[in-house]
Structures are given as structure tokens and as C-alpha cells.
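The values are calculated or read from the model by the stated rules, or taken from the named source; none is laboratory data. As the structure is a computational prediction, the values presented were derived from the model and not from experiment. Note that we place each Cβ from the backbone using ideal geometry, even for glycine, and neighbour counts take in every protein chain shown.
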Amino acid sequence: MEPTGTIVFTSVGRPYYGFDLFSLQLPSNLDSSLPHFSSDHRLTDGISINFNGQFVDEGKTLVYISERTGSARIFLNSSGNADPQLLHSPPESLFHDRPLIKNDRLYFISAHEPPEKPLRSWSALYSTRLHEKTAVRLTPYGSVDYSPAISRSGKLIAVASYGSRPWSGEFHDLQTEIVVFQESDPTKRVVVCQHGGWPTWSGDSTLYFHRQSDDGWWSIFRADLPDNIFASSGGLLAPIRVTPPGVHCFTPAAMHNSERIVVATRRKGKNYRHIEIFDVESHKFYPVTELLNPNFHHYNPFVSPESTFLGYHRFRGEGAPGESTIPHLDPVTSPIQGLRMLRLNGSFPAFSPSGDLIVFNRDFDLNPGLRIVRADGSKHWTLFEDRTAFYSSWSPADKNVIFTSVGPIFQSPRASVQIARVTFDPEHLSNDRDKIPVDIKILTKEESGNNGFPSCSPDGKSVVFRSGRSGHKNLYIVDAIKGEVEGGIRQLTEGPWIDTMPSWSQWGTDSILFK
């Protein structure tokens, strides 16, 4: 029996991405012309977020990923067609990435076939003829591929691959290999390098990719493939470091007709990621986006087949045409038919007992406080502001009682964080109000350490929470009305560890889950 209902969740930062794809024409002489760029040209329409694009031709046709349908899917923009065209991909997949079009075929990453063992990604490379509905898997079953790149002729494909290894827990620097295979025979794969990601072709024999160097700097490396790469048994190639230490360089895009690559950089002392052109022969960087939009991040550059246009994605900017209002609740495609999924513009959501309201926190730094939104997203109210709060839970027995953590988040056991009982009048939840008067009662003693993550018992009489008052984070229970001062406190767990995020079973008062 499949689950039903609604899940509301947070994607950190996602509501504010506002990504669109942009391009600019590359000058023939970088030394004299580049500083004269006045603006970049937006390629997408400002609906949802649009990212990870690739040119199909010289700046007129673009394939990219957009989340406008509720999940990451593949779209095509072409000249003479004002509306983005949704390209066919497996409908059961909720994740697509890095689309490419070459020789009338679409190549893309999808995650719709589950692996046979746990701790393995679903990510694999597929291809289909444009405007057809049958996709062919190019990644061997049991293997994992990311970030495909196709050589200029279309005969060779490179991927960042885990092979058949399970994920070992890393997330900052994925330990993928650079693997090459022929488009006509994807079963015969050659490992070019054991550590690398985001490959890009220059012609048919040179690969660039990024990885974190031993000195800590992310750099671009180059591997030159021999003509007999698939017949040779000489082992791995020895890649050459191309970009110097002292500047982080990511996500390269090679130009086919020159010894230049486009990279995203993060320079020491700078707050933003920018796009730069790097000349492999002269070792010179040419800034691009810092001259245009110095205070925006720019991501994942790509170049047109003849290297006349450069593209990337970035925040579209305040006041730009397109979607400008961030919804309180954004529907997201669910893998289960009877289960609705909503992305919240906020953090730590919790449903009211009747399910018609959601309590949440908007922001911990710029816009702290506690808020309520209708479950349909039509209206929200502020309970209190200018006071940091996090992780709230509703009393199952009272529709107007919320328990929350008041104080700084992610702090030490001794930091001052209190458990608060917040009470309001439900009659005040009207369309003509934005702020609701509340009564706030602190349930924990002052100077009692870091008290957080409250959960109320089904009868509404007790609250379990995590406290660092002993120097370690353990679980405690207080009376939900009287609190610690008037009603005392009961310690549930004890030891030099971290017990946190308790959840009281709603089917009885004798079961508490925690991590």
C-alpha cells in the first residue's frame, strides 16, 4: 500500500536561485575587445529556474534543464519558436541533467532505473533520437555516470563515472573517474584518469576536466588521448595540470578551434564565482562576467560548436522580466501518485493538527521569527519577528499552541537557547491581518544551556526536547503548560553523546523516537 498525504519540505536556498541562461558573443581578439562588453543576453524566459545549458548551433538553439514542470526536465529553445519545447525523456524520472544534442541525437543524464544495491546512485547516461520516445541506456547496468561530454565529431563520449563502486560518503570532491567510450560501442569503456570530473572535449583527442589538487586548489587538468586508445593496454594517462594554484577553477568548457578554455573561478578574497577565459599556452586569464555583473555568481560555462558564443547561468536579477514573486509553497512532482510534495519558502515546517496550517521559520539572519501559512499557500501570517527561532511543533491537542526553539541555531551545548510555548487566537487568522498577537511563555530555565527541537505529547500535556545543560546533548521532558520552573524537569537520556530531534508518537504517550 503506497502512502498518501502531503509532505512539506525545505530546499536550502532554492527559492531564491532565480537562474536563467545567458550568452555573449566572443571577440576574435581577447586582449583588445573583451573589456568592452556592455551586457549579456538572456536566453531563457524567467520562468522557474533554467540551468546547465548547451548550444546546439551558433547561439540560436539551446538545450537546457528547467524545473518549470515541477521537476528537472529537458527543454529546447530554437529560433522562430517563442515557447520552450519539452523534449521527450523517461517520464518516471524526476532528475535529468547535462543535456547535449549532437548529430540529431539527444544525450542526457537521467535517474529512473534503480540500482540493484544500496548506496549507489541512480544516475546514468541515455540517448534518444530527437523527437522520438525510445531512450537507450549507454551506461552499463551496475555503473554510475555523470557529466557527459561529446567530442567534436560526435564519435567519442566522456563521462565522470563511479563505475560499479558504491558511494563512499564524500560530497565535496567526488572520487569519480574520467571514462571514454565510442558512441557506436558504449560497452567498451576506457578509464582515462582515476580522479576527475566535468570532462570537456577539445576536438577528438584532448580532454580537460577539473579536480581538487593535492595543494587544496581546484584546478583544470588536461589529458591527450592516443590514437589507439581503445586498442592500447598501456594503463592510465598522466594528466597535466593546466591552471595554476592560487585560484579555484571549475567546470571547464573547451574551445575546439583554439588553445583556450572557459572556466568558472573563485578567487581568493572574492565573494563571487565568475566566468573567465584561460589561455593554455600563455597561462593568461581573461575576466568576463566580473566586468558585467560583479556581484552575481555565474555557473557552468559552455561554448557554441564554433566557439563564437559563450553561455552560462546566473541569477536573473531583481526586476528582470519573468517570475518575480516567490510562492510560499511550490508544488514539486512526486514519485508516488497519492503523495503531494510542497517546497516551502522557509525552514522547519510543521503541520497543525487539522492539516490546514503550517508553522515555519523564514530566515535565521535577515528575517528571523515565526510564521504560519495556509496549507494551500494562499495566505501567511507573522507570529513574532526580530527574534531567532527554529524547529517548531504543534500541540496535537490544541490548534492554537505551538512549541518552538528561541535562540541561535547550530550552536554549542552551553549556548543559550530556550523552549517557548506560543499561544494565539485562531480567530485572528483572517485575510485582513498580516501579524497575529501571541502570548509567549518560556518553558526552560535561564542559563540552562542549548534547549531545542521540542515535540509535544499526543495529549498536549508534556514536551520532550534536547538540552545541552550537562555539557552533552540529551533528552528531557517538561510540563507543556507549567514548564521547568513550575513543574520540574525529567531527564530521559544521559551520556557523552548527541541525542536530538525527538518525535513523540502520535498513537500513544509511551513512545519517543530520536536520533
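If we only count strands (runs of 3 or more DSSP E) wholly inside the stretch 435-515, which ones have 1 or more residues that are touching a Ser or Thr at 6+ places or on another chain (Cβ under 6 Å) and in the same structural domain as Ala415 (by TED's automatic domain parsing)?
Strands (runs of 3 or more DSSP E) meeting the threshold: 438-442, 451-456, 462-467, 474-479.
List the number of the failed condition for Asp434; all other conditions in (1) surrounded by 15 or more Cβ atoms within 10 Å (Cβ to Cβ); (2) under 33 Å from the mean Cα position of the chain (by Cα); (3) under 29 Å from Met341 (Cβ atoms); (4) without any contact (Cβ under 8 Å) to a residue 60 or more places away in the chain hold.
(1)
Looking at (1) surrounded by fewer than 17 Cβ atoms within 10 Å (Cβ to Cβ); (2) more than 22 Å from Leu24 (Cβ to Cβ), find the lone condition where Leu237 falls short.
Result: Leu237 fails condition (1) only.
When only residues in the stretch 460-476 that are surrounded by fewer than 21 Cβ atoms within 10 Å (Cβ to Cβ) and among the hydroxyl-bearing types (Ser, Thr, Tyr) count, which is modelled with the highest pLDDT?
Only one residue tops the list, namely Ser462.
Go through Phe181, Phe95 for me and flag whichever is within 25 Å of His313 (Cα to Cα) and of a type in the set (Phe, Trp, Tyr).
Residue meeting the stated conditions: Phe95.
Considering only residues of the stretch 211-234 that are under 14 Å from Val280 (Cβ atoms) and under 30 Å from the mean Cα position of the chain (by Cα), which is surrounded by the most Cβ atoms within 10 Å (Cβ to Cβ)?
Of the stretch 211-234, the ones under 14 Å from Val280 (Cβ atoms) are 219-224.
Then drop every residue that is not under 30 Å from the mean Cα position of the chain (by Cα), which leaves 219-223.
Values: Ser219: 23, Ile220: 25, Phe221: 23, Arg222: 19, Ala223: 21.
Across the stretch 211-234, the extreme among qualifying residues is Ile220.
Determine, yes or no, whether Ser352 is of a type in the set (Ser, Thr, Tyr) and not assigned by TED's automatic domain parsing to the domain that holds Ile402.
Criteria not met by Ser352.
Kindly state which strands (runs of 3 or more DSSP E) lie completely within the stretch 1-110 and contain at least 3 residues that are closer than 21 Å to Thr325 by Cα.
In the stretch 1-110, the matching strands (runs of 3 or more DSSP E) lie at 19-25.
Is it the case, given these coordinates, that Pro396 is in contact (Cβ under 8 Å) with a residue 60 or more places away in the chain, of a type outside the set (S, T, N, Q) and assigned to a strand (DSSP E or B)?
So Pro396 does not fit the description; no.
Under 6 Å between Cβ atoms, which residue pairs at least 6 apart in sequence (or on different chains) link something in the stretch 305-328 that is surrounded by 14 or more Cβ atoms within 10 Å (Cβ to Cβ) with a partner that is of a type in the set (Phe, Trp, Tyr) and part of a loop (DSSP other than H, G, I, E, B)?
Sorted first by the residue in the stretch 305-328, then by its partner, the pairs are Arg314/Phe296; Phe315/Phe296.
Of the residues Thr243, Thr289, Thr265, which is within 17 Å of Ser219 (Cβ to Cβ), surrounded by 22 or more Cβ atoms within 10 Å (Cβ to Cβ), among the β-branched types (Val, Ile, Thr) and touching a Lys or Arg at 6+ places or on another chain (Cβ under 8 Å)?
Result of the check over Thr243, Thr289, Thr265: Thr265.
Scan the stretch 489-508 and report the pairs whose first residue is at pLDDT below 85 and whose second residue is surrounded by 12 or more Cβ atoms within 10 Å (Cβ to Cβ) and in a strand (DSSP E or B), with Cβ atoms within less than 9 Å and a gap of 6+ or a chain change.
Ser505/Ile512
Just checking, which of Asp57, Asp40, Asp45, Asp20 is out of contact with any strand residue (DSSP E or B) (no Cβ under 7 Å at 6 or more places or on another chain) and closer than 23 Å to Leu292 by Cβ?
Testing whether each residue is out of contact with any strand residue (DSSP E or B) (no Cβ under 7 Å at 6 or more places or on another chain) and closer than 23 Å to Leu292 by Cβ leaves just Asp45.
Among what's in the stretch 316-330 and is under 16 Å from Lys379 (Cα atoms) and of a type outside the set (A, V, I, L, M, F, W, C), pick the residue that is nearest to the chain's Cα centre (by Cα).
Top of the filtered list is Asp330.
Checking Pro413 against (1) under 31 Å from the mean Cα position of the chain (by Cα); (2) of a type outside the set (Lys, Arg); (3) at pLDDT 90 or above: exactly one of these is not met. Which one?
The number of the failed condition is (3).
Looking at Asp425, Asp479 in this structure, which one is at pLDDT 95 or above and touching a helix residue (DSSP H, G or I) at 6+ places or on another chain (Cβ under 6 Å)?
Among Asp425, Asp479, only Asp479 is at pLDDT 95 or above and touching a helix residue (DSSP H, G or I) at 6+ places or on another chain (Cβ under 6 Å).
Inside the stretch 114-128, can you point out the residues that are modelled with pLDDT of 95 or more and more than 21 Å from the chain's Cα centre (by Cα)?
Tyr126, Ser127, Thr128
Output the qualifying pairs, or none if there are none: Cβ atoms under 7 angstrom, residues six or more apart or on different chains, first residue in the stretch 37-54 and of a type in the set (S, T, N, Q), second residue assigned to a loop (DSSP other than H, G, I, E, B) and at pLDDT 95 or above.
Taking only residues 6 or more apart or on different chains, the pairs are Ser48/Glu67; Ser48/Arg68; Asn50/Thr44.
What single numbered condition from (1) of a type in the set (Gly, Ala, Ser); (2) closer than 21 Å to Val12 by Cα; (3) outside any loop (DSSP other than H, G, I, E, B) fails to hold for Ala420?
(2)
Which ones in the stretch 249-302 are assigned to a loop (DSSP other than H, G, I, E, B) and closer than 24 Å to Tyr17 by Cβ?
Scanning the stretch 249-302 gives Lys270, Asn271, Tyr272, Arg273, Val288, Leu292, Asn293, Pro294, Asn295, Phe296, His297.
Do we find a residue being under 26 Å from the mean Cα position of the chain (by Cα), surrounded by fewer than 19 Cβ atoms within 10 Å (Cβ to Cβ) and not assigned by TED's automatic domain parsing to the domain that holds Leu357 anywhere in the stretch 97-107?
Yes: one or more hits.
State whether one or more residues within the stretch 164-171 are in contact (Cβ under 8 Å) with a residue 40 or more places away in the chain and in contact with a Phe, Trp or Tyr (Cβ under 7 Å, 6 or more places away or on another chain).
no
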